[in-house]
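The values are calculated or read from the model by the stated rules, or taken from the named source; none is laboratory data. Since the model is a prediction, treat every value here as computed from it, not as a measurement. Counting neighbours? That spans all protein chains shown, and the Cβs are built from the backbone with ideal geometry, glycine included. Remember, those area values only see protein heavy atoms, side chains included, never the ligands or the DNA or RNA. Shrake-Rupley method; radii C 1.70, N 1.55, O 1.52, S 1.80 Å.
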Amino acid sequence: MDNKSFAAIAALAKEEAGLILPEGKMTMVQSRLRKRLLETGQPTYETYCKFVCSNEGTAERRLMISALTTNVSHFFRESHHFDMLRTKVVPTLLQKARDGQRIRIWSAGCSSGQEPYSISMCLHSAAPELVSRDILILGTDIDPAILEKAEAACYSEQQISGIPEDMRKKYLEHANGGQFRVNADIRRLVRFRELNLLREWPMKGAFDAIFCRNVVIYFDAATQASLWPRFRQRIANNGWIFLGHSERISDSALHLFEPNGMTAYQAAGSGSSAIRKE
C-alpha cells in the first residue's frame, strides 16, 4: 500500500466512522483489508482504494469499516463500574420501576456482547425484582459481523473468565464445541442494533445509564467534543455515563456532567427540555 492510498483510506475511515488511523498503522490496515481485496476481486490495495472511494464502492465502505474496527471486550471489564451500578444506580432504578416507569440502559460500542450481558447479569443478581419490569439493555456497534456474535451469546472458556463463579453457574449453559452460552433469562433483557455513533441515533427516550467505554479513545478531540452534548441529551435526569479507564469528558462539556467516581459521571442539571420523551 502506497502512502497516497493509505491517506485516502484513513480519510474515508475518519469521515465514515470517526476512526483515526495514523501512518504507523499502515501495516495493520493492510493486514485487516487483505480479505476485503479477495472478497471484492481487487488485485492491489491501490485499486481497492479507488473502488471503495468511488460511488460503486459505497456498500463496501461499511464492510471496510467493519474490518478496521478493533473489537476487544471482556465480561465485567473495569469491574468498579459494575460495583457502582449495583450500589449507586440500581436503587434508583428500583424506585423508578416501582413507580411504573421504564428502565433503559445503553451499551454503546458493545462489540461481541460481553458488556451488555454483564450489565444484565449485574441487574439480575442485584435486584431480581427489577428484571420483571419494563427494562431493556440496548447494545449497539458499528460492526454488523461482531453483532452476529453478540446475538449468538456463545463464548469460550477463556472468554468467560471474568464472570464470577456463582454467576457462571447461574447464568451460563453448555453449548457446542466446549463453549458456554448466556442463558435466556439474561439474553431476554438485551437487544442489539447496528449503529454508527457519528450518524443519526434513532432511539427514542432517555437512558438511565450509558456505557461508552473504550470507544471515543479512537476518535480525535473534535469528534469527541461533538459527542458529549449528544450523550447528555440522551441521559435521563440524574442518569449516568461510564467511560473507559483512559477516557475523560472534554473540558468544553464538563458543564453537562458531574464526576461521580472513577471515569463515571452523572448528568448535570435537569436537562428536561433536551430529553426526548417519546
First select every other residue whose beta carbon is under 12 angstrom from the beta carbon of residue 268; then total the charges, Lys and Arg +1, Asp and Glu -1.
0
Using only Cα atoms, what is the ratio of the radius of gyration of the range 123-192 to 2.2 N^0.38 Å?
1.16
Straight-distance crosslink candidates among lysines, where the alpha carbon sits under 18 Å from residue 88 and sequence neighbours closer than 8 are dropped
96
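Can you tell me how the range 158-254 classifies by the Cα gyration tensor, rounded, prolate or oblate, using a/c under 1.5 as the rounded cut? Numbers along the way, then the final one.
Values: a/c = 2.33, a/b = 1.97, b/c = 1.18.
Judged from the Cα gyration tensor, the range 158-254 comes out prolate (a/c at least 1.5, a/b above b/c).
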Formal net charge of residues neighbouring residue 222 (Cβ-Cβ distance under 15 Å; K, R +1; D, E -1)
-1
In whole percent, and with a 1.4 Å probe on the protein chains, what portion of the accessible area of the chain is carbon and sulfur?
50
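How high is the relative contact order of the range 178-255, given as a whole-number percent (alpha carbon pairs under 8 Å, six or more residues apart)?
Values: 58 pairs, mean separation 28.0, N = 78.
Relative contact order here is 36 percent.
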Working from Cα positions, state the angle (0 to 90°, nearest 10) between the long axis of helix 114-126 and the longest principal axis of the chain.
0
So, counting K/R as plus one and D/E as minus one, what does the shell of residues with Cβ under 15 Å around residue 74 add up to?
+1
Which angle between 0 and 90 degrees, to the nearest 10, do you get for helix 58-68 versus the longest principal axis of the chain when only C-alpha atoms count?
70
Spin-label model distance (nm) - residue 200 vs residue 174, 7 Å beyond Cα toward Cβ
4.8
Two pseudo-spin positions, 7 Å from Cα along C-beta at residue 260 and at residue 56, lie apart in nanometres by 5.5
Compactness of the range 72-228, expressed as Rg and Dmax over alpha-carbon positions, Å:
15.5, 45
Table column - 3J(HN,Hα) (Hz), the range 23-37, Karplus curve with 6.51, -1.76, 1.60, x for Gly and Pro
4, x, 9, 4, 4, 4, 4, 4, 5, 6, 8, 4, 5, 5, 4
A correct Kirkwood calculation over the Cα atoms of the chain returns a hydrodynamic radius in Å of 20.0
